[in-house]
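The numbers here are math on the coordinates, done by the rules we state, and not lab data. On a predicted model such as this, the values are computed, not experimentally measured, just so you know. Cβ: placed from backbone, ideal geometry, glycine included. Neighbour counts: every protein chain shown.
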Amino acid sequence: MDRLDVEILRLLQQDSTQSVAEIAEKVGLSTTPCWRRIQTLEKQQVIDKRVALLNADKLGLNLTVFVQVKAAKHDVVWLNQFAEHAKNIEQIVEFYRMSGEYDYMLKVVVADMQAFDVFYKRLVTGIDLSDVTSSFAMEQIKYTTALPVIS
């Protein structure tokens, strides 16, 4: 990737609804070469997808919870079962396998404490977990989906 690719990626991360002509003008290219670069970045899967970012507060999703889980077992069968279980719960917006004391970290977005309780009961039903602990976000200080792009 050269500096033009990096700048195209920065612009797309800021607003993916910009036209190719607008992006081309901002990076100093004509439309066709800019379009080709974007197509190449998509083919290389540098650009994974283009989506709309929704406002959680406007949707009434006012509570963000970080849930840490200790595995009941440490084998591939249990991991696959837990991963499939978690993938089917739409309130889980991020899901990581971790190092350290807890094995998994889930980022959960719900409307309120009552909705979290419903989520929690669904999470622990039908899956063998060793320990689950939750931390409730009191304030979001920084949020971005933009990745640092370096040439």
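Taking only C-alpha pairs under 8 Å that are 6+ residues apart, what is the relative contact order of segment 63-136 in percent? Before the final figure, lay out the partial values.
On the way: 104 pairs, mean separation 39.0, N = 74.
With pairs under 8 Å counted, the relative contact order is 53 percent.
Rounded to the nearest whole Hz, the Karplus-based 3J(HN,Hα) values (6.51 cos²θ - 1.76 cosθ + 1.60, θ = phi - 60°) of segment 84-98 follow the sequence 5, 4, 5, 4, 8, 10, 5, 5, 7, 9, 9, 8, 10, 8, 10, with x at glycine and proline. For the chain, the relative contact order is 30 percent, taking Cα pairs closer than 8 Å that sit 6 or more residues apart in sequence and dividing their mean separation by the residue count. Working note: 222 nm ellipticity from helices only, DSSP H runs with n ≥ 4, each -39,500 (n - 2.57), summed and divided by the residues of the chain, gives -11500 deg cm²/dmol to the nearest 500. Where Lys and Arg each count +1 and Asp and Glu each count -1, what net charge lies around Glu22 among other residues with Cβ under 13 Å from its Cβ? Once all neighbours under 13 Å are counted, the net charge is -2. Shape annotation for segment 63-136: C-alpha extents along the principal axes are 34, 24, 18 Å, from largest to smallest. With the gyration tensor restricted to C-alpha atoms of segment 3-43, the semi-axes of the equivalent ellipsoid amount to 12, 12, 10 Å, longest first.
Our note on the geometry: Cα centres of segment 4-70 and segment 108-138, 31 Å apart.
For the chain, go through all pairs of different Cα atoms, get the mean of 1/r, take its inverse, and jot down that Kirkwood value in Å. It would help to have the intermediate numbers written out before the result.
On the way: mean 1/r = 0.0545 Å⁻¹.
Mean inverse Cα-Cα distance, inverted, gives 18.4 Å.
Over 24 Å apart at the Cα level, from the set Lys26/Lys142; Lys87/Lys121; Lys58/Lys121; Lys73/Lys121, are Lys26/Lys142; Lys58/Lys121.
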